[in-house]
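The structure appears right after this line, and notes come after that.
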Amino acid sequence: MDTLVTVFGDIIKQAMGLTKTAKVVTEHNVYQEGEAEILPLLDKMVEALSLPGSGVDGLENLEDLLAKAESGKSCLLLLEHYSNMDLSTFSYFLRKAGGRGEDIAGAVVAIAGMKLTEDNPAVAAFASAYTRLVIYPSRSLQGLDAEKDHAEIVRSNGINRAAMKALNDIKVKGKLILVFPSGTRYRPWDPSTRKGVREIDSYIRSFDYLCPVAMNGVLLRVGRGEMVDDPVSRDIIRITAGPVRSCAEFREKARAEAEASGIEDKKQAAVDAVMAELEVMHIAAEEKRQKLIK
């Protein structure tokens, strides 16, 4: 079985040799600019694995979102998450899409969990190709003891305070903030990974506009070990951007529907509405993609 390391071992070594990203996340380096010299290496992998017929649908919606961001509005990209190469494919095919695709890709700032920086040097090198804002995910705090792990909890609070301060600054400066609402890749053996993370409601509440993006096709399948050991696959990638929506209107509608249905957790209801919309988009896009495969 071909894996990322068996097929692209040389590229992995090059990326690790080039990256200058700090190996430890602190409150002083949560905002990390993408390293332009590493991006072509990630592009080579996408080029090698993606099949003819790959590309972006709904580019006009992303151009609409970018225009709003450039006018000073805060804008969210809410992407499905099936593969550790989702960000790479999203960036690559945007830059190949024509129109304002390159500008859109250049405006993206991805919200990234700190383990992408700290857990594995190869993964950290790949992540460094893209501009990101690093956070300490709430799920990483699960199981920590308030007394025994006090220092780590203090560290998490410091990192997230710094991240939110940076977010409030950059989100009105022409950036598109990319978030995976599931918080992790979908794993077929774990249905809970398809559920949206409750904290996403906070992003929706504090932004002006959102754009849902369905991701169809996978170049790097989910494994049970390290990312470098994930199985690679050649596939047609279709990226589908839905219409731009007012965050306030989207959230109010979701909360009203939850209220009418007797659902108490209104925050989770808003995130569930995002995931439901993404699923509808994914199914429709997959029907079209399957025709290209045949």
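The values are calculated or read from the model by the stated rules, or taken from the named source; none is laboratory data. Quantities reported herein were computed from a predicted structural model and do not represent experimental measurements. Positions of Cβ are backbone-derived with ideal geometry, glycine not excepted, and every protein chain shown enters the neighbour counts.
Note on the range 1-101: enclosed helices (runs of 4 or more DSSP H) holding 1 or more residues that are modelled with pLDDT of 95 or more and either within 20 Å of the chain's Cα centre (by Cα) or among the hydrophobic types (A, V, I, L, M, F, W, C) (or both) are 39-49, 59-70, 86-95. Would you confirm whether any residue within the range 163-176 is under 15 Å from residue 31 (Cα atoms), part of a strand (DSSP E or B) and in contact with a strand residue (DSSP E or B) (Cβ under 6 Å, 6 or more places away or on another chain)? Yes.
Looking across the range 222-243 at every residue that is over 17 Å from residue 80 (Cβ atoms) and touching an Asp or Glu at 6+ places or on another chain (Cβ under 7 Å), the one that is surrounded by the most Cβ atoms within 10 Å (Cβ to Cβ) is identified as 232.
Taking first residues from the range 257-268 that are closer than 12 Å to residue 199 by Cα and partners that are outside any helix (DSSP H, G or I), the Cβ contacts under 7 Å between residues at least 6 apart in sequence or on separate chains come to 267/198; 268/198.
Look at (1) surrounded by fewer than 20 Cβ atoms within 10 Å (Cβ to Cβ); (2) more than 20 Å from residue 134 (Cα to Cα); (3) in contact (Cβ under 8 Å) with a residue 24 or more places away in the chain; (4) not small (Gly, Ala, Ser) and you find that residue 39 fails only one, number (2).
Residues checked against (1) in contact with a Pro (Cβ under 8 Å, 6 or more places away or on another chain); (2) modelled with pLDDT of 95 or more:
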{"site": "207", "(1), (2)": "no, yes"}
{"site": "215", "(1), (2)": "no, yes"}
{"site": "221", "(1), (2)": "yes, no"}
{"site": "232", "(1), (2)": "no, no"}
{"site": "247", "(1), (2)": "no, yes"}
{"site": "252", "(1), (2)": "no, yes"}
{"site": "263", "(1), (2)": "no, no"}
{"site": "273", "(1), (2)": "no, yes"}
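Tallying residues that are assigned to a loop (DSSP other than H, G, I, E, B) and buried (at least 20 other Cβ atoms within 10 Å of the Cβ) within the range 198-221 yields 4.
If the requirement is being touching a helix residue (DSSP H, G or I) at 6+ places or on another chain (Cβ under 7 Å) and either buried (at least 19 other Cβ atoms within 10 Å of the Cβ) or in contact (Cβ under 8 Å) with a residue 60 or more places away in the chain (or both), which of these qualifies: 65, 94? Step through it out loud before you land on a result.
On the way: 65 fails: touching a helix residue (DSSP H, G or I) at 6+ places or on another chain (Cβ under 7 Å).
Answer to the selection: 94.
If the condition is being surrounded by 19 or more Cβ atoms within 10 Å (Cβ to Cβ) and hydrophobic (A, V, I, L, M, F, W, C), then the range 47-62 contributes 49, 56, 59, 62. For first residues located in the range 14-28 and in contact (Cβ under 8 Å) with a residue 60 or more places away in the chain, partners that are among the polar types (S, T, N, Q) and loosely packed, with under 15 Cβ neighbours inside 10 Å and lie 6+ apart or on another chain with Cβ distances below 9 Å form the pairs 21/29; 22/29. In the set (1) more than 30 Å from residue 47 (Cα to Cα); (2) surrounded by 14 or more Cβ atoms within 10 Å (Cβ to Cβ); (3) touching a residue at least 24 places away in the same chain (Cβ under 8 Å), the condition left unmet by residue 253 is number (3).
Tell me which residues, restricted to the range 221-236, are under 17 Å from the mean Cα position of the chain (by Cα) and within 17 Å of residue 120 (Cα to Cα). Full working, then the answer.
At the first step, the residues of the range 221-236 found to be under 17 Å from the mean Cα position of the chain (by Cα) are 221-222, 227.
Hits for the range 221-236 are 222, 227.
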